[in-house]
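Reading through the structure tokens given below for one structure.
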Amino acid sequence: MSRIPFYLKERLEEVQKRVLYESYEAQKLPVWERITLTWIVLFSFWIVITANTSLDNLIIGGIATLIIASFMRDMLMEDVRHKGHLIEKIIYFLLLYAPQYLIIMAFRLIESNIKVAKNVIFMDIKPGIMKIRTDLHSDTGVTILANSITLTPGTLTLDVSKKLGETYLYVHWIYVETLNREKAGEKIKGDIEEWLKKIFW
Amino acid sequence: MIEYLLLAFGEVVMIFGALGIIRFPDVYTRLHAATKCDTGGAMTILLALALYIDASVFIKLKLLVLTFLIALINPMISHAIAKGAYKYGIKPEVVVDMYAWDNP
């Protein structure tokens, strides 16, 4: 490995990651894991909506959501990364990833509201449309990334395009700071993409 | 106490959003004001209601489900409006337009 010149090394690592993705991790989750995860989401939604914790209601809701989950198992859980055991996944998501994401997005949203108020008062805008590259490939991951970019300060997603196996986002930026694409991508995406890469493809 | 702070913050943010829709020059910058201020204002007002209301836990959870749905749907609608306006032919007043480079 040490004889390979350094400019080829990055490309080789990319190819190796791609092979790993296509051979092992791109497979979907096993069927029972998909059904169980969908069932947990649907059943918690049933309990919140009906607001009734008697035993009859729980049994009816459990059976109905289990039937629906066995049909609809591909809709929610198609793009989840193939890593770890089921219980490990649930515990990591509930205790670590979800609070992290909520705290990041809450502060970003407050900051963006204050920034829009500042822009309205002083009118110091210099808008532009930038094109940035992301490392995410799946539909769910790109959707959540685009929605998070829209809620972060000063940016609004216009369109998505996929070319040659890479994904690009077009972003309307209200105050263009740099014209360099990679620096702009780092400034716009922040640490949300790192967070999303742990869960989705 | 904190629910009054949240309520006041939401109201002020909604007022600035409405002001931004009037003052900004074109469609895309107006969408900035509409999306961010409406999402933040509605979410903080609903959080204040969920803290203030004197009812069982499930009613509060229903209000939290509403905030989640608003945070999910509002950016998607703004994205659809922006793309529709661009396809209709409204040119943005911008410094650099990389979307027009790739879709001539």
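Just counting partner chain Cβ atoms within 10 Å, what average do the residues of peptide B:51-59 show around their Cβ?
For this peptide, the per-residue mean of nearby foreign Cβ atoms is 1.
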Next on the checklist: Using only the alpha-carbon atoms, how far is helix A:55-71 inclined from the longest principal axis of chain A? Give it as 0 to 90 degrees, nearest 10.
Outcome noted: 60 degrees
Checklist entry - Taking each residue of A:37-50 in turn, how many C-beta atoms of other protein chains fall within 10 Å of its C-beta, and what is the average? => result 1
Next on the checklist: In region A:94-197, if the dipole is taken from +1 on Lys/Arg beta carbons and -1 on Asp/Glu beta carbons about the Cα centre, which of A:S112, A:W173, A:G190 is farthest to the positive end?
Outcome noted: A:W173
Next on the checklist: Using 31 Å as the Cα-Cα cut-off, could you pick out the over-long pairs in A:K115/A:K163; A:K89/B:K83; A:K131/B:K62; A:K162/A:K187; A:K17/A:K126; A:K163/A:K197?
Outcome noted: A:K115/A:K163; A:K89/B:K83; A:K131/B:K62; A:K17/A:K126
Item to check | Full-extension gain in nm, A:K197 to A:Y175, via 0.36 nm per residue minus C-alpha separation | outcome: 5.2 nm
Checklist entry - What nm distance separates the two modelled labels at A:S54 and B:L19, each placed 7 Å from Cα along Cα→Cβ? => result 5.3 nm
Checklist entry - How high is the FRET efficiency from A:L95 to A:L8, r the C-beta distance, R0 45 Å, rounded to 0.05? => result 0.65
Item to check | Nonlocal amide H pairs with A:L158, under 5 Å, H built at 1.01 Å | outcome: A:Y170, A:V171, A:H172
Item to check | Cross-link reach list, aspartates and glutamates versus B:K87, counting only Cα pairs under 16 Å and skipping chain neighbours closer than eight places | outcome: A:D159, B:D26, B:D97, B:D102
Checklist entry - Among A:E88, B:E11, which comes first, then next, by fewest other beta-carbon atoms within 10 Å? => result A:E88, B:E11
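What FRET efficiency comes out for A:K162 versus B:V12 if R0 is 41 angstrom and r is the Cβ-Cβ distance? Round to the nearest 0.05.
Approximately 0.50, to the nearest 0.05.
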Item to check | Computed over region A:94-197, Kirkwood Rh from alpha-carbon pairs, angstrom | outcome: 14.4 Å
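Computed from the coordinates by the stated procedures, all read-outs in this text should not be read as laboratory data. The shown structure was predicted, so the numbers you read here are calculated from the model rather than taken from an experiment. Please note: Cβ atoms are built from the backbone with ideal geometry, for glycine as well, and neighbour counts cover all protein chains shown.
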